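Q: One structure, as structure tokens, below. Some questions next.
The values are calculated or read from the model by the stated rules, or taken from the named source; none is laboratory data. These numbers come from a predicted model, not from an experiment. When we count neighbours, we look across all protein chains shown, and the Cβ atoms used for this are built from the backbone with ideal geometry, even at glycine.
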Amino acid sequence: MRKRNQMSSYADVIDFIKKNPVCTIATIDNGQPRVRAFFTVFLDDDRIYFTTGSPKEVYKQLVNNPRVELCYLTPGQGMMLRIAGAIEFVDDRLKKQRLIEEKSYLRNFTADSPEFILLRLPHGTARFWTITDNMREKDGALIEF
């Protein structure tokens, strides 16, 4: 993997996430930040997708405010990737069916289940960071996608 100062494209962002698919996602709940872990899924368009359930609080928070920040991290004290953007809700039966077939944790859903929510982060800003850049967080390239 290239060093942080060499990572400056959306392709670098996608490559990093594919190697480190678990992230934390921060939402807002009545002014209170809420953070939890999410597993990232990818489909044909190389956009960042997530799944959730409509009964969950995170879904309600995203309906009220789709702005999020994601944080991906390599094992140890390696590299971090922070992404800010707005989630959109995707109503695509074919994409949902594909995920159900590929991901065992989704097998209790059908593509038509109103509880099965597909989320996408279509645009945003990303920045890589390492512990050696601790005091220069904003020196890294801002990647817009």
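Q: Considering Thr52, Thr125, Thr132, Thr110, which residue is hydroxyl-bearing (Ser, Thr, Tyr) and modelled with pLDDT under 95?
A: Answer to the selection: Thr132.
The rows are residues; the columns are (1) surrounded by 14 or more Cβ atoms within 10 Å (Cβ to Cβ); (2) closer than 21 Å to Asp139 by Cα; (3) touching a residue at least 12 places away in the same chain (Cβ under 8 Å).
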{"site": "Tyr10", "(1), (2), (3)": "yes, yes, yes"}
{"site": "Ala26", "(1), (2), (3)": "yes, no, yes"}
{"site": "Asn30", "(1), (2), (3)": "no, no, no"}
{"site": "Val41", "(1), (2), (3)": "yes, no, yes"}
{"site": "Thr51", "(1), (2), (3)": "yes, no, yes"}
{"site": "Arg82", "(1), (2), (3)": "yes, yes, yes"}
{"site": "Val90", "(1), (2), (3)": "yes, no, yes"}
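Q: Quick one: Ala37 ticks every box in (1) surrounded by 12 or more Cβ atoms within 10 Å (Cβ to Cβ); (2) outside any loop (DSSP other than H, G, I, E, B); (3) touching a strand residue (DSSP E or B) at 6+ places or on another chain (Cβ under 8 Å) bar one, so which box is it?
A: It fails just one condition, (1).
Q: Looking at (1) without any contact (Cβ under 8 Å) to a residue 40 or more places away in the chain; (2) surrounded by fewer than 19 Cβ atoms within 10 Å (Cβ to Cβ), which one does Pro55 not meet, given that it meets all the others?
A: (1)
Q: Of all the residues that make up the stretch 68-80, how many are without any contact (Cβ under 8 Å) to a residue 40 or more places away in the chain and within 13 Å of the chain's Cα centre (by Cα)?
A: Residues meeting the conditions: 0.
Q: Would it be correct to say that Pro122 is out of contact with any Ser or Thr (no Cβ under 8 Å at 6 or more places or on another chain), in contact (Cβ under 8 Å) with a residue 24 or more places away in the chain and of a type outside the set (A, V, I, L, M, F, W, C)? Steps first, please.
A: Working: out of contact with any Ser or Thr (no Cβ under 8 Å at 6 or more places or on another chain): yes; in contact (Cβ under 8 Å) with a residue 24 or more places away in the chain: yes; of a type outside the set (A, V, I, L, M, F, W, C): yes.
Spelling it out, Pro122 is indeed out of contact with any Ser or Thr (no Cβ under 8 Å at 6 or more places or on another chain), in contact (Cβ under 8 Å) with a residue 24 or more places away in the chain and of a type outside the set (A, V, I, L, M, F, W, C).
Q: Please give the number of the condition Phe128 fails out of (1) of a type outside the set (Gly, Ala, Ser); (2) closer than 18 Å to Met80 by Cα; (3) without any contact (Cβ under 8 Å) to a residue 60 or more places away in the chain.
A: It is condition (3) that Phe128 fails.
Q: Take Asp46 and decide whether it is acidic (Asp, Glu) and at positive phi.
A: Working: acidic (Asp, Glu): yes; at positive phi: yes.
It is true that Asp46 is acidic (Asp, Glu) and at positive phi.
Q: Let me ask another. I need the full set of residues from the stretch 10-25 which are in a strand (DSSP E or B) and more than 15 Å from Lys60 (Cβ to Cβ), in order please. It would help to see each step written out before you state the result.
A: The initial filter retains those residues of the stretch 10-25 that are in a strand (DSSP E or B), namely 22-25.
Once the filter is applied, which keeps residues that are in a strand (DSSP E or B) and more than 15 Å from Lys60 (Cβ to Cβ), the stretch 10-25 yields Val22, Cys23, Thr24.
Q: Restricting to the stretch 12-24, count the residues that are crowded, with 17+ Cβ neighbours inside 10 Å and in contact with a Cys (Cβ under 7 Å, 6 or more places away or on another chain).
A: 1
Q: Would you confirm, using the coordinates I've provided, whether Leu118 is surrounded by 17 or more Cβ atoms within 10 Å (Cβ to Cβ) and within 21 Å of the chain's Cα centre (by Cα)? Spell out the reasoning first.
A: Working: surrounded by 17 or more Cβ atoms within 10 Å (Cβ to Cβ): yes; within 21 Å of the chain's Cα centre (by Cα): yes.
It is true that Leu118 is surrounded by 17 or more Cβ atoms within 10 Å (Cβ to Cβ) and within 21 Å of the chain's Cα centre (by Cα).
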